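Undergrad: Below you will find the structure I want to go over with you.
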Protein chains: 2
Amino acid sequence: MESGTSLASTPSVLPYYVFFSQLLGLTVVAMTGAWLGLYRGGTAWEGAQQFNVHPLCMVVGMVFLQGDALLVYRVFRKEAKRTTKVLHGLLHIFAFIIALVGLVAVFDYHKKKGYADLYSLHSWCGLLVFVLYFVQWLMGFSFFLFPGASSSLRNRYRPQHVFFGATIFVLSVGTALLGLKEALLFKLGVKYSTFQPEGVLANVLGLLLVCFGVVVLYVLAQADWKRPPQAEEQALSMDFKRLTEGDSPSSQ
Amino acid sequence: MESGTSLASTPSVLPYYVFFSQLLGLTVVAMTGAWLGLYRGGTAWEGAQQFNVHPLCMVVGMVFLQGDALLVYRVFRKEAKRTTKVLHGLLHIFAFIIALVGLVAVFDYHKKKGYADLYSLHSWCGLLVFVLYFVQWLMGFSFFLFPGASSSLRNRYRPQHVFFGATIFVLSVGTALLGLKEALLFKLGVKYSTFQPEGVLANVLGLLLVCFGVVVLYVLAQADWKRPPQAEEQALSMDFKRLTEGDSPSSQ
């Protein structure tokens, strides 16, 4: 029998899942570095290595930091809502800036080499995800950090923000897998089928990216693990309920 | 102001989303057929066309039918729970059998050609997803259709079944994208960057696969759109609540 989890306390197994997610996330980042270091000559802002800045930055920003930003509300359960919210927004800003550096790296590299841009499914998905991520951040900021939005507007937008946040995260992991596959096939070609060490390492990296994504989403999906409302939020919510119930006719 | 959705009625916008999901799903299937017909010589069980049975079957089974099986509880809202459940299970069986034909096609094709099996990230993800799908089906059958499981066991397993069902669906879409990318890069190589018609068509197909996945998950994620419990289920659930509340001490 699992231990019951009252709203006030931290669910007993949650810290293990969070620890596991961080172990996976850090392994993914380290393994991306190892792949680029061992088989692609490392990273630099000049020469052939400039391309390698792209996968490293995208994995750190769009996968690891974005995933961690989603977990903030499950990890910081007793801090003031505003503190948690600011941390969530800040982690997303860091993720966005690091991903932007990764994007500049690949476009600059393509330009120097005279390669075409935005022809592949990876690049189409990537551009879509990055634009959605930026729009999601702006919307999140406008609704939840900027003081203008009313509680009712926030409550109506919140489920959309959560759904699209999780969707953008999943699309980011998927886009990373497409990029990994592209990098492998362009370099290894038919040699990929001979179980080259680079191919096997990159396949394992791909599966670990999937695992990180699944664990983060699993933590988010558990209804019992949601951040409990703090005393002052509960009071506000009660006030709001009373107001709206007084406001609207009891419609069918 | 959106129209309020009482539990008893079908939410007013749900049919539009379901229609849109079907439009996307059928477009994806038709476009996969068009891609294989226009650029890969169509499908057959012999010769080079045998490979093409693989993408077609996987898209029909693991993407379209699997997605539709997930939507069954949102679409059939007023039918008896058992009918809906059997339909959900049947759609998954059809999906599984069609996907199995697709798998046999690619393994048989590889064998005839003397190609290596299971070396790519696509194949690793695919094998993982297919095994998970089979396990999920067996678990679903044992808990929800086989009459042995108690209500309490069913209620505890249900959220896991829903989470892993959605996860396996997302992984199926992701694996399809990896396979599409592989097929493009093996055939087009560097010509992919010259915006060949096949590359552009396949990229659009990839984006539509993503859109189908997102719309299905959006419908599933809306709390208001969940299937309302029928009268007999509500009575059963009340009985169960009374039983368990009488059973357990009021633990902290």
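The values are calculated or read from the model by the stated rules, or taken from the named source; none is laboratory data. Small disclaimer: the values here were computed from a predicted structure and weren't measured. Here the Cβ positions follow ideal geometry from the backbone for every residue, glycine too, while neighbour counts run over all protein chains shown. These accessible areas exclude ligands, DNA and RNA; they are computed on the full protein's heavy atoms, side chains included. Shrake-Rupley method; radii C 1.70, N 1.55, O 1.52, S 1.80 Å.
Undergrad: How many residues does segment A:101-129 contain that are closer than 30 Å to residue B:208 by Cα and in contact (Cβ under 8 Å) with a residue 12 or more places away in the chain?
TA: Residues meeting the conditions: 14.
Undergrad: Under 7 Å between Cβ atoms, which residue pairs at least 6 apart in sequence (or on different chains) link something in segment A:177-203 that is within 17 Å of residue A:28 (Cβ to Cβ) and in contact (Cβ under 8 Å) with a residue 12 or more places away in the chain with a partner that is among the small types (Gly, Ala, Ser) and buried (at least 21 other Cβ atoms within 10 Å of the Cβ)?
TA: A:177/A:206; A:177/B:174; A:180/A:202; A:180/A:206; A:184/A:199; A:184/A:202
Undergrad: Applying the selection to segment B:117-135, what residues are of a type outside the set (D, E, K, R) and under 18 Å from residue A:202 (Cα atoms)?
TA: Within segment B:117-135, B:118, B:119, B:120, B:121, B:122, B:123, B:124, B:125, B:126, B:127, B:128 qualify.
Undergrad: On to the next question. Only one of (1) within 7 Å of chain A (Cβ to nearest Cβ); (2) in contact with a Leu (Cβ under 8 Å, 6 or more places away or on another chain) is not met by residue B:165, so which one is it?
TA: In the conditions (1) within 7 Å of chain A (Cβ to nearest Cβ); (2) in contact with a Leu (Cβ under 8 Å, 6 or more places away or on another chain), residue B:165 misses (1) alone.
Undergrad: Answer with yes or no whether residue B:55 is of a type outside the set (D, E, K, R) and either open to solvent by 50 Å² or more (accessible area, probe 1.4 Å) or modelled with pLDDT under 95 (or both).
TA: no
Undergrad: Among the residues of segment B:144-162, how many are within 11 Å of another protein chain (Cβ to nearest Cβ) and closer than 21 Å to residue B:65 by Cβ?
TA: So the answer is 1.
Undergrad: Ok, one more. Name the residues in segment A:204-232 that are away from chain B (no Cβ under 12 Å) and at pLDDT 65 or above, would you?
TA: A:212, A:226, A:227, A:228, A:229, A:230
Undergrad: Any idea which of (1) farther than 25 Å from residue A:178 by Cα; (2) crowded, with 20+ Cβ neighbours inside 10 Å is the one residue B:97 doesn't satisfy?
TA: Single failed check for residue B:97: (2).
Undergrad: Now for a separate question. Every residue in segment B:168-203 that is facing chain A (nearest Cβ under 8 Å) and among the aromatic types (Phe, Trp, Tyr), please.
TA: Result: B:186, B:192, B:195.
Undergrad: Taking segment A:116-143 on its own, how many of its residues are open to solvent by 30 Å² or more (accessible area, probe 1.4 Å), in a helix (DSSP H, G or I), within 21 Å of residue A:177 (Cβ to Cβ) and more than 9 Å from chain B (Cβ to nearest Cβ)?
TA: Total satisfying the criteria: 3.
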